[in-house]
Amino acid sequence: MKSFIILNLIVLLQLFLTVHSKAVADESNELKTIPKTFVTLDKYKNVTVWRNDGNANKNLQPLVLDSKKLTKKISSNKINNLSAVYYKSQLNNFELSIYNALEKICNQRVVKALAVTITNLDGFKVQENEFDNRVGRAVGAFMRDNQEYWWIHSYEKSGSLVNGYVSDVTVEIVSEYTISEINEYNPKVLYAAQTIAEQANKKKTLYKKLLYIHDYLINSITYTDGEGSVYHNLYGALINKKCVCGAYGEAFAVISRLVGGYVIGVNSYVHGWDYAKIGKDWYAVDATWDDYGDGYEPSHNYFFVGTNTVVADDGHRYKDETEIRTIADFIEVGDATGFIFPTLSEEKYIE
């Protein structure tokens, strides 16, 4: 009788341990969804007029990519220039996976997908409270390095957690242009950039090539702060030839890279312009502030200037423009923080 009771206790104990182990396993593999949120690029925050209600491509089927194949530091880029990956070079592997996935769907002769899901990310140990910053940094770096993707104005992000770590991320690009329109208009924008670059390449030195691009943009663009998104991107600068400061800067950066220039876009909380590198030193280039309007010759007060350069007739220096020139703590979106920016030369570059 006693042995029977002991046997039953053992069976009950084994049953309890089995159930408990299953419960622990279920708990350790707990799944949690990170809900979808909508993010607009900072440069479009004041846009009030959108085509197609701002989203021409709804209910997209995402391309699914494994993160294990997406962590290459410097992947192929149609602009073969390291300044085109300046911000990418500051990302960690989790962020690189997202950046490279976006490049995978956008860097195509014919764009077919505008949404991507990156899987197997839990090995990077990114927690839920890091999600917004990590995804924001990836998208911010991607947009700042690849300003030729003018048709992206917002994105939706979502994901899943396993064991408390982000396991997959979905990014859906939001555009007011349909995929067919993107494929129709994009070649026109790239052709315009390449045509300017071809003329610039006839100059003998890199400095003179970049000077040609700077002056061409000033002579062809009319500064216009309109209601639509087109005034804030490369299409507005090169096709419509009407845009705001950030688009001047984007056009200068994209075309300069085509002639071998090392140029990156920067922004304060109220303005956008460029940093350009010649030799070991960095300088500021601001085509917008060198544009005095139609009928005026381009100024060069803000072309390859250093912090001590006098930039105006009243004698003030570049470094005195603290409100305009203090670099924002984010790029493209508010969550894209933690980037390092070059230190400018003190003196103007003279050739």
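The values are calculated or read from the model by the stated rules, or taken from the named source; none is laboratory data. Keep in mind that this is a model prediction, so the values were computed, not measured. Reconstructed Cβ throughout: ideal geometry from the backbone, glycine too, with neighbour counts over all protein chains shown. These area figures cover heavy atoms from the full protein model, side chains too; ligands, DNA and RNA do not enter into them. Shrake-Rupley method; radii C 1.70, N 1.55, O 1.52, S 1.80 Å.
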Q.
Condition first: touching a strand residue (DSSP E or B) at 6+ places or on another chain (Cβ under 9 Å) and hydroxyl-bearing (Ser, Thr, Tyr). Can you find one or more residues in the range 209-220 that meet it?
A. no
Q. For the range 277-329, what are the residues that are open to solvent by 30 Å² or more (accessible area, probe 1.4 Å), under 22 Å from the mean Cα position of the chain (by Cα) and of a type in the set (S, T, N, Q)?
A. Thr326
Q. Given the conditions (1) open to solvent by 50 Å² or more (accessible area, probe 1.4 Å); (2) more than 23 Å from Phe304 (Cα to Cα); (3) basic (Lys, Arg); (4) at pLDDT 95 or above, which single one is not true for Lys104?
A. (4)
Q. Given (1) outside the structural domain of Phe252 (by the TED database); (2) surrounded by fewer than 20 Cβ atoms within 10 Å (Cβ to Cβ); (3) under 28 Å from the mean Cα position of the chain (by Cα), where does Ile350 come up short, assuming only one miss?
A. (3)
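Please work out if Thr205 is loosely packed, with under 13 Cβ neighbours inside 10 Å and closer than 17 Å to Tyr248 by Cα.
Working: loosely packed, with under 13 Cβ neighbours inside 10 Å: yes; closer than 17 Å to Tyr248 by Cα: no.
It is false that Thr205 is loosely packed, with under 13 Cβ neighbours inside 10 Å and closer than 17 Å to Tyr248 by Cα.
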Q.
Tell me whether the range 302-309 contains one or more residues that are within 25 Å of Gln90 (Cα to Cα) and of a type in the set (S, T, N, Q).
A. yes
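Considering each residue of the range 116-129, count those that are farther than 19 Å from Leu65 by Cα and either in contact (Cβ under 8 Å) with a residue 24 or more places away in the chain or not in a helix (DSSP H, G or I) (or both), and give that number. Can you show your working first?
The first filter runs over the range 116-129 and keeps only residues farther than 19 Å from Leu65 by Cα, leaving 127-129.
After this cut, where a residue has to be either in contact (Cβ under 8 Å) with a residue 24 or more places away in the chain or not in a helix (DSSP H, G or I) (or both) as well, the list is 127-128.
Within the range 116-129, residues that are farther than 19 Å from Leu65 by Cα and either in contact (Cβ under 8 Å) with a residue 24 or more places away in the chain or not in a helix (DSSP H, G or I) (or both) number 2.
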Q: Of all residues in the range 140-163, count the ones that are aliphatic (A, V, I, L, M) and not in a helix (DSSP H, G or I).
A: 3
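Give me the residue from the range 211-225 that is touching a residue at least 60 places away in the same chain (Cβ under 8 Å) and closer than 30 Å to Lys45 by Cβ and, out of that set, surrounded by the most Cβ atoms within 10 Å (Cβ to Cβ). Lay out the reasoning, then the answer.
Kept after step one, since they are touching a residue at least 60 places away in the same chain (Cβ under 8 Å), are these residues of the range 211-225: 211, 214-215, 217-219, 221-223.
Next, only the ones that are closer than 30 Å to Lys45 by Cβ stay: 214, 217-219, 221-223.
Values: His214: 28, Leu217: 25, Ile218: 22, Asn219: 13, Ile221: 23, Thr222: 11, Tyr223: 17.
Of everything passing the filter in the range 211-225, His214 is surrounded by the most Cβ atoms within 10 Å (Cβ to Cβ).
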Q.
Checking the conditions here, which among Glu184, Glu128, Glu95, Glu156 is under 22 Å from Ile331 (Cβ atoms), open to solvent by 20 Å² or more (accessible area, probe 1.4 Å) and at pLDDT 95 or above?
A. Glu156
Q | Unmet criterion (only one of (1) modelled with pLDDT under 85; (2) in a loop (DSSP other than H, G, I, E, B)) for Ala56 | A | (1)
Q: From (1) more than 30 Å from Glu198 (Cβ to Cβ); (2) part of a loop (DSSP other than H, G, I, E, B), pick out the condition that doesn't hold for Thr288.
A: (1)
Q: Please go through the range 30-68 and pick out each residue that is over 29 Å from Gly272 (Cβ atoms) and either without any contact (Cβ under 8 Å) to a residue 12 or more places away in the chain or touching a helix residue (DSSP H, G or I) at 6+ places or on another chain (Cβ under 7 Å) (or both).
A: Ile34, Lys58, Asn59, Leu63, Leu65, Ser67
